[in-house]
Each structure stands twice: as C-alpha cells, then as structure tokens.
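Worksheet for the structure shown next.
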Amino acid sequence: MWLTLAGIFVTVFLAELGDKTQLATLLFATDGKAPPALVFAAAGGALVLSTAIAVLLGTYAAKSLAMLPLKLIAGTGFIAIGIWTLVGHFRAG
C-alpha cells in the first residue's frame, strides 16, 4: 500500500511542477495582496478540492464504465491534445 501511495504522490507531484496552476500561484504570492500563508492555504485548498472531485468522479466512472478501456481512452485523448498543440504551433509559425 505504501508503494502505491508513494507512486501516486510522485506522479501527481511531478505532473504539477511548472504547470499553469503553479505559475499562477507563484504570481499570486509575488503581488503582495495576500500574505504567503493565505496564498498557500487557498492554493492548497483548491488543489485538495479539485483532487477530491477527480477521485469521486473516477470512483463513479470505474463502477459505471467498467467495460470501457479508460486508460486507452485517456491516453488517446492526451495524444490528440498533443497533436492539436503541435498543429497549432506549426500553423502559427
């Protein structure tokens, strides 16, 4: 069980490094409108809430969509987003 938890932690931690949410939080912390502790609490609370929603939806989806190859569908979706991003890049350039 600890190995599974560690794997989840490392995967989410690495996925969150440098993403738009982290950069937005960095900007909120630098503007000086709120103390750093409140920025941390608000950003942490938002991440916890969005993760809770994802877990609830994932649990429901696992029960409701047991026959569908969800990993294949998700992987195909990520590949499609990547291709879309690359096409947009080369059209703009």
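The values are calculated or read from the model by the stated rules, or taken from the named source; none is laboratory data. Because the structure is predicted, anything quoted here is derived from the model rather than measured. Note: ideal-geometry Cβ built from the backbone for every residue, glycine included; neighbour counts use all protein chains shown.
Being in a helix (DSSP H, G or I), of a type outside the set (S, T, N, Q) and more than 25 Å from L17 (Cβ to Cβ): is that true of V39 here?
Values: in a helix (DSSP H, G or I): yes; of a type outside the set (S, T, N, Q): yes; more than 25 Å from L17 (Cβ to Cβ): no.
Considered against the rule, which asks whether it is in a helix (DSSP H, G or I), of a type outside the set (S, T, N, Q) and more than 25 Å from L17 (Cβ to Cβ), V39 comes out as no.
Please work out if T21 is part of a helix (DSSP H, G or I) and surrounded by 10 or more Cβ atoms within 10 Å (Cβ to Cβ). Break it down stepwise before answering.
Numbers: part of a helix (DSSP H, G or I): yes; surrounded by 10 or more Cβ atoms within 10 Å (Cβ to Cβ): yes.
Yes: the conditions hold for T21.
Looking only at residues that are exposed (fewer than 10 other Cβ atoms within 10 Å of the Cβ) and among the hydrophobic types (A, V, I, L, M, F, W, C) in region 56-77, which one is modelled with the highest pLDDT?
So, considering only residues that are exposed (fewer than 10 other Cβ atoms within 10 Å of the Cβ) and among the hydrophobic types (A, V, I, L, M, F, W, C), the one modelled with the highest pLDDT is L72.
Since L27 meets every condition but one in (1) free of Cβ contacts under 8 Å to residues at least 12 places away in the same chain; (2) within 24 Å of I8 (Cβ to Cβ); (3) in a helix (DSSP H, G or I), which condition does it not meet?
(2)
When you look at T21, is it modelled with pLDDT of 90 or more and not charged (D, E, K, R), yes or no?
Details: modelled with pLDDT of 90 or more: no; not charged (D, E, K, R): yes.
Criteria not met by T21.
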